[in-house]
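This report concerns only the one structure given below.
Every read-out reported here was derived from the displayed coordinates using simple, explicitly stated rules and does not represent laboratory data. Note that the structure is a prediction, hence the values are computed from the model and not measured. Because the Cβ atoms are built from the backbone with ideal geometry, glycine has one as well, and the counts that use them run over all protein chains shown.
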Amino acid sequence: MAPAKGSIPTPLAIMDGECALCTVGARLIARFDRTGDIKICPVKSPLGREILTEHGLDPEDADTWLYLDNGRAYTSLDAVIAIGRRVGGPGWLLQVFRPLPQGAKNWLYRRIARNRYALFGRTDMCAVPDPALRERLIDTH
């Protein structure tokens, strides 16, 4: 179910709904975000595509991660780091990547993103989500 235009919930993580690594990330968000605030939207959903386009990102590029929080938009590894900081717990481990130069972060993210299916496989995060993840998923059609 898509929220009404202008009522996009934030914080919002937009990620590949078919990547096993992204699915693990979504499940970790559901487990460690104790506030329950972070919503998750697949890249290929109508809402995901719309928001990516609004932020100048290619909705056909499933390598994209976008995280919206407090009026800011984070992409790629910066999105992952920001989510880690927000959820805390083991998410804080991602802070080790913060001091890297932007070029190095982009390179690392692209290497993992472009090889994620070969390295981690495919799965459908929306197929049979656990109740905690199901509550966070929006616009999964």
Legend entry - Calculated from backbone phi, Karplus (6.51, -1.76, 1.60) coupling profile of segment 81-87 in Hz, x at Gly/Pro: 5, 5, 5, x, 5, 5, 7
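In segment 30-127, which GluC sites (Glu not before Pro) fall in coil by DSSP and have 12 or fewer other Cβ atoms within 10 Å?
GLU60
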Inset, instruction - Would you mind calculating the relative contact order of segment 5-136 from Cα pairs under 8 angstrom and at least 6 residues apart, reporting the percent as a whole number? - result: 33 percent
Inset, instruction - Using label points projected 7 Å from each Cα along Cα→Cβ, tell me how many nm separate ARG72 and LEU94, to one decimal. - result: 1.3 nm
Legend entry - Pairwise FRET efficiency - ARG122 versus GLU50, Cβ, R0 = 22 Å, nearest 0.05: 0.35
